[in-house]
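Heads up: the structure comes next, in structure tokens.
The values are calculated or read from the model by the stated rules, or taken from the named source; none is laboratory data. These numbers were taken from a predicted model, which means no experiment stands behind them. Note that each Cβ is placed from the backbone with ideal geometry, even for glycine, and that neighbours are counted across all protein chains shown. Surface accessibility is based on the protein's heavy atoms, side chains included, excluding ligands, DNA and RNA. Shrake-Rupley method; radii C 1.70, N 1.55, O 1.52, S 1.80 Å.
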Number of protein chains: 2
Amino acid sequence: MKRLLAALSLGAFVAMSAPVRADEGMWTFDAFPSAKVAKTYGFGPTKAWLDHVRESSVRIAGGCSASFVSPQGLVMTNHHCAVDCVGQLSTPEKNFVEAGFYAKAEADEIKCPGFELDRLDGIDDVTAAIRAATNGKSGRALIDALQAKQAALSSSCGASLAIRCDVVSLYQGGVYKLYHYKRYTDVRLAFAPEYAVAQFGGDPDNFNFPRFDFDISLLRAYEGDKPAATPEYLHWSKSGSTAGDLTFVSGNPGGTDRLFTVSQLEYMRDVEYPRQLPFISELRGLLEQYELEGPEQLRQTKQMLFGIENSYKALFGRSGSLLDPKFFAVKVAEERALRAAVAKRPDLQASVGGDWDKLAAVEQRKAQLAYRFQYEAQGPFSQLFRYARVLVRYQAEKAKPDAQRLPEFSDARLVTLPVQLFAPIPIYSGPEELLLNFYAKKMREDLGPDDPFVKSVLGTKSPAVWAHDLVAGTKLGDVATRKALFDGGQAAIDASQDPMIQFAATIDAAARQARKQYEDEVTAPEHQLTEAIARARFAILGTSVYPDATFTLRLSYGVVKGFVDGNGNNVTPYTTIGGLFNRASGSEPYALPQSWLDAKSSLDLGTPMNFTTTNDIIGGNSGSPVVNKNGEVIGLIFDGNIFSLGGEFGYLATTNRSVAVDSRALLAGLRNVYQADRLVQEIGGP
Amino acid sequence: MKRLLAALSLGAFVAMSAPVRADEGMWTFDAFPSAKVAKTYGFGPTKAWLDHVRESSVRIAGGCSASFVSPQGLVMTNHHCAVDCVGQLSTPEKNFVEAGFYAKAEADEIKCPGFELDRLDGIDDVTAAIRAATNGKSGRALIDALQAKQAALSSSCGASLAIRCDVVSLYQGGVYKLYHYKRYTDVRLAFAPEYAVAQFGGDPDNFNFPRFDFDISLLRAYEGDKPAATPEYLHWSKSGSTAGDLTFVSGNPGGTDRLFTVSQLEYMRDVEYPRQLPFISELRGLLEQYELEGPEQLRQTKQMLFGIENSYKALFGRSGSLLDPKFFAVKVAEERALRAAVAKRPDLQASVGGDWDKLAAVEQRKAQLAYRFQYEAQGPFSQLFRYARVLVRYQAEKAKPDAQRLPEFSDARLVTLPVQLFAPIPIYSGPEELLLNFYAKKMREDLGPDDPFVKSVLGTKSPAVWAHDLVAGTKLGDVATRKALFDGGQAAIDASQDPMIQFAATIDAAARQARKQYEDEVTAPEHQLTEAIARARFAILGTSVYPDATFTLRLSYGVVKGFVDGNGNNVTPYTTIGGLFNRASGSEPYALPQSWLDAKSSLDLGTPMNFTTTNDIIGGNSGSPVVNKNGEVIGLIFDGNIFSLGGEFGYLATTNRSVAVDSRALLAGLRNVYQADRLVQEIGGP
């Protein structure tokens, strides 16, 4: 598993599930089924327990989960959730990704550029306010009204660098909530192990189990240049866990599509995945070969490639679950049952009975517009291009009233724009050129060489030359250049000779138009139809279920448990540190760093290393703490098994497993391998 | 389009079509529907006409079509069909791919290493002999009996370097024929234009139209070190063609799956393509980035990459046609109708009624065994590995009686083994390492790092190190080394310290076992069941139809005609030389070579360049001549339009178009651009 890579789109789906199976569910903290859990497992979290765990949990805005593990703002998350920071702080001479990082003293902790942590402090129901603003509207008017109301609500709680408020649409638009966060933007790196042990087994072992990863890093939230006071934090378990123990996972699952209609799933299976998988595979090949060009190339793109490989495996697994006729038949049967129930109620049949077919027509339109949205509206993945687009649009958008802006430029969102824009992140021209060249080639392939937009981008240049000229000519890699364009107003943009700024400006009208068309013809009707279907589902199935994941804080419950693998073998839930040493062949990605080889004799090889539980999690949950019924840390989520990939569309209790680093291995490593005594003491482990 | 890339497997399907639509059909020369064509178009080929065109046609054993265009063995085919030879004759200093090649005198013509041309001289029906050998057998016994009989029949016509006999299974095993060929193994290059104009538009324009390619090369067949006498050859048309003209294409379509059952199509759609497309895309990315490393890297892999990109586009198009619900519904309806007809006839229902369900179960098993077959039985794509495998197996197989050998080592096939094995083809270590590394990585990904076969291959090495060690250590790139191992018998293999030989020897038992299992559990039952279904189809629909393509000589008919593109625009059937110059942006792949820029003023810009016809062709037809009713050359097939990709599964007369170079552009280019007067004179053009 990996942190959530894709940005969450405005129209991200949220759905209500059909009756829930054992251990299934990514529950909001304000609706956790404590009674049901108590009935099954003899323990149900109290309100105080829930408040404590919630206030000890943090979200990493980039797409991960984490938790406070000391009263001085110490934050535990995965290595793979902080590796971008570790890489950005590295140089060819001082490569912390390879060598690891440990701040012996507090003063040695280094700031992670552009990192943001959010702690959920409160939830308000704003459904009525949203309904009042959107009732009776459709199409563009609906989108505009919804965005305006969301912007107003987000700003209403006095957005500042320390406060963040988001409107969250749950149950596919059935409910709207305003989430209040305490925000930390001064986040520093305290500890990271070597990549080789953090991601031991690399891509081949990713999403697999048995597993042997030391996938942890420790960050610290600061306020006023001092460690933040975090009186609510998770204590370390003295005893760890054992098979069958009740486990809770508090984190931010990024997104699920469990209540997609059949036509939406068909779109994924027959259009989106068949296009995405080759796309991402070609990019993977480009990066793999680029890495072979030298150690510096490897350093520059190692994380990006692992992210791509992770996404590939996840998409391939999800695609496979939809291509499984038995799996798909369940979805078809569920929809048929719901439609039959709707048909029996004349009021529902009249209001929503035709909406499935309408939605199917929208999915057809989505297939037609998807390439144009991807290439024309979204543009290349290049970081330099993203800077250029933000700078160009910022000047245009800030001149408008809050309610009329693109949502990403609302007052509430503008608060952190400078933090992101001026973060001193190193930009490497090799990968940038690779990404831009790839964008241009695929665009020409998918839209055709004679497409007017393609011609407007490339002119008579080849993709490779076009990409090279942009990267060689732009100065947007310098923070000072970005700052000057940000502060210089529209005049600075208009006068800029920077080729990337000029490119972003040239395509801006077409890009906005492509986005608007997609929103008008896909996002808006899809939103309206799925909301209507969700309400009908509410009317028939009731509300004692959880909403689809939305990268907001959720609590899941389960037990420590193994599973039966694809070859019919029983897989036990725990691995050991001894197993790690046994698996270490000495060849990448199975080569242990010297620190572990040196420490072998001081380690108890029987110590549990990784373990599996039945908790229902998904991408975005990476870095989530696993806690026992006392709310103590017994593990650190970093992956799911191969069967968890189908969790995108449904939870299968028999095979779906989350994968965590055991708290005992974490402590043994910190203490015996890294002598990180300062942090061990702070964690207060046994 | 590109020449057929995949090797034809023993169990390649051949199928009988349902009632044939206008212009549909890849007809064998011994069953061409002349009367039907005459009725529609006022002209039907006579036996003499058919014999003349057949004897003027040649197959390039590597996967293309061609024709004799002079009585001195001059052969016309596509540039992309001969580009491997052009590349193999090139060096970094003398790059004929980039600069083109023209032999001013006959003595300047250079031998293409390992090239083979086959001219079809006769067809015998051997159905009865095959039936006698296989009747009542099933499973392994069936495979063994079939292979033994095929080997015996192939040898029976006195196989030698000059004679080739193949048993061809038509109509899904409904009919077996013995094809007699005159074989030419001394093939020399006479002319090739620059890659830039031969494949003008490169991958972006591939499978598209309007089109502007000069995709020709001229080879010559030699016998006894002299140009072969080929009294039967195609004359050049004096006038060329015009829209609506009747056209014939004589060539070797590689394979179609038009009569696959629904379960076989589902396997393609849901298993094979979703696996193949990402696989091939990743390889594409690796090669794209490798090419960027320098001009020599580009030279080494340019053809391979174009082949990969061509395959990708073809697979993506085929996958898309199966993912189109309307297209698939037609296939489902056809099968339902056939099964209903079978059900009405008690005899058929009893013998074959259950075979569709049995075949569906075989397809399930195929999905389970496919990875093992790919990685374990087939092994890496590396040329060095292929040499090693052939050398290792040759020694083992030649010790057995002909009938018991692997089919590729039958006496009939062994005749040309030395030609292939000792062809002085340059081997480049960079691409070899890339391919081996890719093989090992994907194998570990798809079979899992703990798979015993994976472990037996890699040991404790990483894929990159493993690949490097093999390529750096092997001497199989030298012809002399291969010859010594070939001549040295089993003892030489056993004593060899060559790491590639050792690798091939080490995995040989497992590889043979994986192949045998696949043949026993997939190939044999699939063969038996599809043959039974084909016979039932015969019984119901009759035999006035054509068999699925099998890379054997076929004749198709059609007319010069445009089409309506995906945006609803009318596309006229001809482009012009002027259009080529208009499209030339100066950037690769739209950069014309200097020769054409220099010759512009001497060319009539209104000359037809490329054109489209309704002929029913597919990959393998590349290089086929387009002839008029006088049997004269009016064009040279080199591609199909985007809609032709669905031709794998069915012919759609409204949109499916073949794409050819116009004979007038060919002559203008040879004469005015290349001053290839010797060859122009020989062709005897107007």
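I'd like to verify a number: residues in the stretch B:169-201 that are open to solvent by less than 10 Å² (accessible area, probe 1.4 Å), modelled with pLDDT of 95 or more and assigned to a helix (DSSP H, G or I), how many?
Residues meeting the conditions: 2.
For A:L436, are the conditions met, namely being within 24 Å of A:K302 (Cβ to Cβ), within 14 Å of chain B (Cβ to nearest Cβ), within 30 Å of the chain's Cα centre (by Cα) and in contact (Cβ under 8 Å) with a residue 40 or more places away in the chain?
Working: within 24 Å of A:K302 (Cβ to Cβ): yes; within 14 Å of chain B (Cβ to nearest Cβ): yes; within 30 Å of the chain's Cα centre (by Cα): yes; in contact (Cβ under 8 Å) with a residue 40 or more places away in the chain: yes.
Criteria met by A:L436.
With respect to A:E397, determine if the residue is crowded, with 20+ Cβ neighbours inside 10 Å and within 31 Å of the chain's Cα centre (by Cα).
Details: crowded, with 20+ Cβ neighbours inside 10 Å: no; within 31 Å of the chain's Cα centre (by Cα): yes.
For A:E397, the condition - crowded, with 20+ Cβ neighbours inside 10 Å and within 31 Å of the chain's Cα centre (by Cα) - is not met.
Examine the stretch A:317-327 for a residue that is open to solvent by less than 20 Å² (accessible area, probe 1.4 Å), in contact with a helix residue (DSSP H, G or I) (Cβ under 9 Å, 6 or more places away or on another chain) and within 10 Å of chain B (Cβ to nearest Cβ), and state whether such a residue exists.
yes
Of all residues in the stretch B:533-560, how many are touching a residue at least 40 places away in the same chain (Cβ under 8 Å) and not in a strand (DSSP E or B)?
Initially, the stretch B:533-560 is screened for residues touching a residue at least 40 places away in the same chain (Cβ under 8 Å), giving B:533-541, B:543-560.
Those left that are additionally not in a strand (DSSP E or B): B:533-541, B:543-546, B:548-553.
The qualifying residues number 19.
Does A:T481 count as over 30 Å from A:K137 (Cβ atoms), without any contact (Cβ under 8 Å) to a residue 24 or more places away in the chain and of a type in the set (S, T, Y)?
Details: over 30 Å from A:K137 (Cβ atoms): yes; without any contact (Cβ under 8 Å) to a residue 24 or more places away in the chain: yes; of a type in the set (S, T, Y): yes.
In short, yes.
Restrict the check to the stretch A:545-552 and report whether at least one residue is surrounded by fewer than 19 Cβ atoms within 10 Å (Cβ to Cβ), more than 30 Å from A:K344 (Cβ to Cβ) and under 28 Å from the mean Cα position of the chain (by Cα). Steps first, please.
Pass one, the stretch A:545-552, residues surrounded by fewer than 19 Cβ atoms within 10 Å (Cβ to Cβ): none.
The answer is no, given that none of the residues of the stretch A:545-552 is surrounded by fewer than 19 Cβ atoms within 10 Å (Cβ to Cβ), more than 30 Å from A:K344 (Cβ to Cβ) and under 28 Å from the mean Cα position of the chain (by Cα).
Among the residues of the stretch A:358-374, what is the count of those that are touching a Leu at 6+ places or on another chain (Cβ under 6 Å) and farther than 23 Å from A:V262 by Cα?
Of the residues in that region, 0 qualify.
On the basis of being modelled with pLDDT under 95 and within 28 Å of B:K331 (Cα to Cα), does B:D257 make the cut? Quick ask: steps written out before the conclusion?
On the way: modelled with pLDDT under 95: yes; within 28 Å of B:K331 (Cα to Cα): yes.
So B:D257 fits the description; yes.
Of the residues B:Q404, B:Q368, which is surrounded by fewer than 21 Cβ atoms within 10 Å (Cβ to Cβ) and in contact (Cβ under 8 Å) with a residue 12 or more places away in the chain?
Details: B:Q368 fails: in contact (Cβ under 8 Å) with a residue 12 or more places away in the chain.
Answer to the selection: B:Q404.
One residue is enough: does the stretch A:154-168 have a residue meeting the conditions buried (at least 23 other Cβ atoms within 10 Å of the Cβ) and over 23 Å from A:D121 (Cα atoms)?
No, the stretch A:154-168 has no match at all.
Take the stretch A:296-353 and flag every residue that is closer than 30 Å to A:L286 by Cβ and not in a helix (DSSP H, G or I). Working first, answer last.
Initially, the stretch A:296-353 is screened for residues closer than 30 Å to A:L286 by Cβ, giving A:296-323.
Within the stretch A:296-353, none qualify.
Under 6 Å by Cβ, and 6 or more places apart or on different chains, what pairs join a residue from the stretch A:106-129 that is open to solvent by 20 Å² or more (accessible area, probe 1.4 Å) with one that is β-branched (V, I, T)?
Note: pairs meeting the criteria are A:F115/A:V187; A:R119/A:V58; A:T127/A:V175.
This table checks each residue for (1) closer than 20 Å to B:N570 by Cβ; (2) not hydrophobic (A, V, I, L, M, F, W, C).
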site	(1), (2)
B:F611	yes, no
B:I618	no, no
B:F638	no, no
B:S644	yes, yes
B:L652	yes, no
B:G669	no, yes
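One line per residue, one yes/no per condition, for (1) surrounded by fewer than 21 Cβ atoms within 10 Å (Cβ to Cβ); (2) within 26 Å of B:P325 (Cβ to Cβ); (3) within 14 Å of another protein chain (Cβ to nearest Cβ); (4) touching a residue at least 40 places away in the same chain (Cβ under 8 Å):
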position	(1), (2), (3), (4)
A:S237	no, no, no, yes
A:D245	yes, no, no, yes
A:T261	no, yes, no, yes
A:P278	no, yes, yes, no
A:L292	yes, no, yes, no
A:E296	yes, no, no, yes
A:Q303	yes, no, no, yes
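Within the stretch B:208-224, identify whether any single residue is hydroxyl-bearing (S, T, Y) and either assigned to a strand (DSSP E or B) or within 14 Å of chain A (Cβ to nearest Cβ) (or both), and answer yes or no. Walk me through how you get there before you give the answer.
First pass over the stretch B:208-224, keeping only residues hydroxyl-bearing (S, T, Y): B:217, B:222.
Adding the requirement that they be either assigned to a strand (DSSP E or B) or within 14 Å of chain A (Cβ to nearest Cβ) (or both) leaves B:217, B:222.
Yes, because at least one residue in the stretch B:208-224 is hydroxyl-bearing (S, T, Y) and either assigned to a strand (DSSP E or B) or within 14 Å of chain A (Cβ to nearest Cβ) (or both).
Please verify whether the stretch A:329-342 includes one or more residues that are within 28 Å of B:D446 (Cβ to Cβ) and within 14 Å of chain B (Cβ to nearest Cβ). Walk me through it before giving the result.
As a first pass, look at the stretch A:329-342 and keep what is within 28 Å of B:D446 (Cβ to Cβ): A:329-331.
Next, from what is left, pick out any that are within 14 Å of chain B (Cβ to nearest Cβ): A:329.
Yes, there is a match, as at least one residue in the stretch A:329-342 is within 28 Å of B:D446 (Cβ to Cβ) and within 14 Å of chain B (Cβ to nearest Cβ).
So, in the stretch A:263-276, of the ones that are touching a helix residue (DSSP H, G or I) at 6+ places or on another chain (Cβ under 7 Å) and more than 9 Å from every other protein chain (Cβ to nearest Cβ), which residue ends up farthest from A:Q172 (Cα to Cα)?
That would be A:Q276.
A:G285: open to solvent by 30 Å² or more (accessible area, probe 1.4 Å) and either touching a residue at least 40 places away in the same chain (Cβ under 8 Å) or in a helix (DSSP H, G or I) (or both), yes or no? Outline the logic, then answer.
Details: open to solvent by 30 Å² or more (accessible area, probe 1.4 Å): no; either touching a residue at least 40 places away in the same chain (Cβ under 8 Å) or in a helix (DSSP H, G or I) (or both): yes.
In short, no.
In this structure, is A:A190 of a type in the set (G, A, S), more than 14 Å from chain B (Cβ to nearest Cβ) and out of contact with any helix residue (DSSP H, G or I) (no Cβ under 7 Å at 6 or more places or on another chain)? Break it down stepwise before answering.
Numbers: of a type in the set (G, A, S): yes; more than 14 Å from chain B (Cβ to nearest Cβ): yes; out of contact with any helix residue (DSSP H, G or I) (no Cβ under 7 Å at 6 or more places or on another chain): no.
No: the conditions fail for A:A190.
Inside the stretch A:306-316, can you point out the residues that are more than 11 Å from chain B (Cβ to nearest Cβ) and of a type in the set (A, V, I, L, M, F, W, C)? Walk me through how you get there before you give the answer.
From the stretch A:306-316, those more than 11 Å from chain B (Cβ to nearest Cβ) are A:306-307, A:310-311, A:314; that's our starting set.
Residues satisfying the conditions are A:F306, A:A314.
Residues that are among the β-branched types (V, I, T): find the helices (runs of 4 or more DSSP H) completely inside the stretch A:434-532 holding 2 or more of those.
Numbers: elements: A:452-458, A:463-473, A:479-487, A:489-495, A:499-506, A:508-518.
Of the helices (runs of 4 or more DSSP H) lying wholly inside the stretch A:434-532, those with at least 2 residues that are among the β-branched types (V, I, T) span A:452-458, A:463-473, A:479-487, A:499-506.
Checking A:G606 against (1) under 25 Å from A:Y41 (Cα atoms); (2) in contact with a Ser or Thr (Cβ under 6 Å, 6 or more places away or on another chain), which single condition isn't satisfied?
Only one criterion is unmet by A:G606, namely (1).
Does the stretch A:439-454 hold any residues that are more than 12 Å from chain B (Cβ to nearest Cβ) and either within 22 Å of the chain's Cα centre (by Cα) or of a type in the set (A, V, I, L, M, F, W, C) (or both), and which are they?
A:F453
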